[in-house]
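*Asks:* Mind having a look at this structure? Questions to follow.
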Protein chains: 2
Amino acid sequence: MTIYRFFIDQSMVRDDLILLSGDPGKHARVVRLRPGEIFQAVTPGLLYSAKVESTSPQGLVGRVVSAVPIEPPDFEVHLFAGMIKASKMDLVVEKTTELGVASVTPVICSRSVPNPDESGWERKVSRWRRIALSAAEQSRRTSLPEIRYPLSFDELTKGESAPIPEGKVILAWEGLSGTPSDLGKIVAGERRVSVLVGPEGGFSDFEVEAALSRGFIPVSLGPHLLPAETACIMAVGLVVFLLHSSAPGS
Amino acid sequence: MTIYRFFIDQSMVRDDLILLSGDPGKHARVVRLRPGEIFQAVTPGLLYSAKVESTSPQGLVGRVVSAVPIEPPDFEVHLFAGMIKASKMDLVVEKTTELGVASVTPVICSRSVPNPDESGWERKVSRWRRIALSAAEQSRRTSLPEIRYPLSFDELTKGESAPIPEGKVILAWEGLSGTPSDLGKIVAGERRVSVLVGPEGGFSDFEVEAALSRGFIPVSLGPHLLPAETACIMAVGLVVFLLHSSAPGS
């Protein structure tokens, strides 16, 4: 049986009661949680198990059975994704959330699809946050990825967005596609890695030069040229896998 | 400018002319290839470049400019995917084709979604073959992945389908999820690797036992529990990446 997990605000916990309302309350109604059933609730820092006491049209009230501190992650992988068609970005947000990404930031590159106006971004970012929330609940994460407003390629490479990008910065560069990759050695032992992936059509020569002169490390993701959204998913999945496999004690 | 690539039958090549008709002919009309433009055509073994001579409602005639033998791949990765919802299988076929998969075989497991009747399979497999063809053309592969009719888990593990699964067989087992993975060491230097991934909900205990007793090697795909379709994509992408990185000369 599936035990449902909800991301909630700490304000929803009062002593040993959890009051699910708003979006998590709606979600609990959709999945038809009934009195006596167990669910999980995640706040920044605590993972609760609770038993449903009563339901209402607004949500439900649960009694805390246990509360376990959430360990900080061993490592963080941040994705900077050259902006592509919004529907493909939906897939990138969903899949990289499942894979454990710490943050996703769309990046406006010279070959990116045209930007919507500012209200367009607000709608898009809200949508990606809902997708990330749902993917995080379903894949039983203990934290939500941060979905950020877009940055321009210049902001990112000129240091105007510091401390973003975080940690060691990897440039997934299709110019290296087909050459064996030393990505494993490059990320071994790191605690924070950012990966920058180009839009459909790749980075311009000028962008590659700017990224390299900023110290970003070019890597190949494998033998094949990949569509942008597949490259984003693989970049995050590969770095998570390689960091996990090289973690102390493994 | 994009140079379009078409997978064709050798029978479409006559001396130094290529006659695109049928599906590739339709595709050439859709992308509006014009006389004088260059396109590529792939047969099993040869990669042609050709220049459009004339177009017709059925397709076009091109004159061969060059024909280059296609090298056999350095390695093959075969996917055996516990059957999941057909729409999710669509994504698996598209993404693993982009990543270079050699074949995709749906596997009927005890927790798979119910099977369609036989005519249902015919429609589904045809659909997946069209998706694979389109993904292979767009990602500029030099070979098509084989999309096979489903096998039952028993056929696969009892050896009734020999020589399938090919080469060393990896079992992506969520029971190991979270433990560091030695997948890199396990596949290093192999030329043919098959990966077996469970359906939504995973393999049953009985199935895991049967797979292990058949010598399939259990591995973890990383620290997180992944939805079945994400696990399929990552399993293929990881093994391709690791084989490529461990190839002789790298």
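*Asks:* For segment A:1-94, which trypsin sites (Lys or Arg not before Pro) are both in a DSSP coil and crowded by at most 12 other Cβ atoms within 10 Å? Don't skip to the answer; put the middle values down first.
*Replies:* Working: sites: A:Arg5, A:Arg14, A:Lys26, A:Arg29, A:Arg32, A:Lys51, A:Arg63, A:Lys85, A:Lys88; in loops: A:Arg32, A:Lys85.
Here the trypsin sites (Lys or Arg not before Pro) that fit, given the DSSP loop and packing criteria, are A:Arg32.
*Asks:* Could you give the nm distance between label points at B:Ser66 and A:Ser87, where each point is 7 Å from its Cα heading toward the beta carbon?
*Replies:* 3.6
*Asks:* 5 Å is the cut-off here: which amide hydrogens, built 1.01 Å from N in the peptide plane, fall below it relative to A:Phe6, excluding neighbours closer than 5 in sequence?
*Replies:* When sequence neighbours closer than 5 places are left aside, the close amide H contacts are A:Gln40, A:Ala41, A:Val42.
*Asks:* Per residue and in cubic angstrom, what volume does the convex hull of the Cα atoms of chain A have?
*Replies:* Per residue, the Cα convex hull of chain A comes to 144 Å³.
*Asks:* Also, I was wondering about something else. In square angstrom, rounded to the nearest 10, how much accessible surface does A:His224 have for a 1.4 Å probe?
*Replies:* That residue has around 70 Å² of solvent-accessible surface.
*Asks:* Something else: With a sphere of radius 10 Å drawn around the Cβ of B:Ala86, what net charge do the other residues whose Cβ falls strictly inside it have (Lys, Arg +1; Asp, Glu -1)?
*Replies:* +4
*Asks:* Check A:Ser204: other-chain or 5+ apart residues with amide H under 5 Å from its amide H, H built from backbone geometry?
*Replies:* Residues meeting the criterion, in which the H sits 1.01 Å from N, are A:Ser110, A:Arg111.
*Asks:* Towards the positive end of the charge dipole of the protein assembly as shown, with charges on Cβ (+1 Lys, Arg; -1 Asp, Glu), say which of B:Leu225, B:Leu20, B:Thr142 has the farthest Cα.
*Replies:* B:Leu20
*Asks:* Another question about this same structure. Taking each label point as 7 Å beyond Cα in the direction of the beta carbon, state the distances from B:Val30 to the same residue in the other copies, shortest first, in nm.
*Replies:* List, nearest first: 3.3 nm.
*Asks:* Compute the distance from the alpha-carbon center of segment B:1-44 to that of segment A:103-153, in whole Å.
*Replies:* Distance between centres, Cα-based: 39 Å.
*Asks:* Which whole-Hz couplings ³J(HN,Hα) result when phi for each residue of segment B:5-11 is put into the Karplus expression 6.51 cos²θ - 1.76 cosθ + 1.60, θ = phi - 60°, listed in order with x for Gly and Pro?
*Replies:* Values per residue, Gly and Pro as x: 10, 10, 8, 10, 7, 4, 5 Hz.
*Asks:* Once you charge only the Cβ atoms, +1 for Lys and Arg and -1 for Asp and Glu, what is the size of the charge dipole of segment A:141-250 about its Cα centre, to the nearest 20 debye?
*Replies:* 520
*Asks:* Return the sequence-ordered ³J(HN,Hα) values of segment A:177-183 in whole Hz as given by the Karplus equation 6.51 cos²θ - 1.76 cosθ + 1.60 applied to θ = phi - 60°, using x for Gly and Pro.
*Replies:* 4, x, 7, x, 9, 9, 3
*Asks:* Relative to the first principal axis of the alpha-carbon coordinates of chain A, what is the inclination of helix A:118-138, with its axis defined by its Cα atoms, in degrees from 0 to 90 and to the nearest 10?
*Replies:* 60
*Asks:* Can you list the copy-to-copy distances for A:Ser54, using a point 7 angstrom from Cα toward Cβ, in nanometres, shortest first?
*Replies:* Label point to label point, same position, other copies: 8.4 nm.
*Asks:* Could you tell me the relative contact order of chain B? Use alpha-carbon pairs under 8 Å, at least six residues apart, and round to a whole percent.
*Replies:* On the way: 463 pairs, mean separation 48.9, N = 250.
Relative contact order of chain B: 20 percent.
*Asks:* Shifting gears a bit: Where both partners of a DSSP beta bridge lie in segment A:1-140, what percent of those bridges are antiparallel, to the nearest 5? Working shown, then result.
*Replies:* Details: 22 of 30 bridges.
Of the beta bridges lying entirely in segment A:1-140, close to 75 percent run antiparallel.
*Asks:* While we're on this one: Just grab the label-to-label distance for B:Asp205 and B:Asp154, each label 7 Å out from Cα along the Cβ direction, in nm (one decimal).
*Replies:* It works out to 2.1 nm between the two label points.
*Asks:* Residues with amide H under 5 Å of A:Leu17's amide H, sequence separation 5 or more or different chain, H placed in the peptide plane at 1.01 Å from N; which?
*Replies:* A:Val64
*Asks:* Here is a follow-up. Rounded to the nearest 500, what is the 222 nm mean residue ellipticity of the protein assembly as shown from helices alone, with -39500 (n - 2.57) per DSSP H run of 4+ residues and division by all residues?
*Replies:* Rounded to the nearest 500, it is -10000 deg cm²/dmol.
*Asks:* Which distances, in nm and shortest first, link the B:Glu146 label point to the same label point in every other copy, taking 7 Å along Cα→Cβ?
*Replies:* 4.9
*Asks:* Quick one: Karplus J couplings for segment A:87-97, per residue in order, coefficients 6.51, -1.76, 1.60, θ = phi - 60°, nearest Hz, x for Gly and Pro?
*Replies:* 5, 6, 5, 3, 5, 4, 5, 4, 6, 6, 5
*Asks:* Also, quick follow-up: Have a look at the DSSP beta bridges in the protein assembly as shown and tell me what percent are antiparallel, nearest 5. Kindly include the intermediate steps, with their values, before the conclusion.
*Replies:* Working: 44 of 96 bridges.
Once the DSSP bridges in the protein assembly as shown are tallied, antiparallel ones form about 45 percent.
*Asks:* Projected onto the charge dipole of segment A:5-69 (+1 at Lys/Arg Cβ, -1 at Asp/Glu Cβ, origin at the Cα centre), which of A:Tyr48, A:Val68, A:Phe6 gives the Cα projection farthest towards the positive end?
*Replies:* The residue sitting farthest along the positive end of the dipole is A:Phe6.
The values are calculated or read from the model by the stated rules, or taken from the named source; none is laboratory data. Please read these numbers as outputs of a predicted model, since none were measured by experiment. Cβ: placed from backbone, ideal geometry, glycine included. Neighbour counts: every protein chain shown. Calculation scope for accessible area: heavy atoms of the full protein, side chains included, ligands and nucleic acids excluded. Shrake-Rupley method; radii C 1.70, N 1.55, O 1.52, S 1.80 Å.
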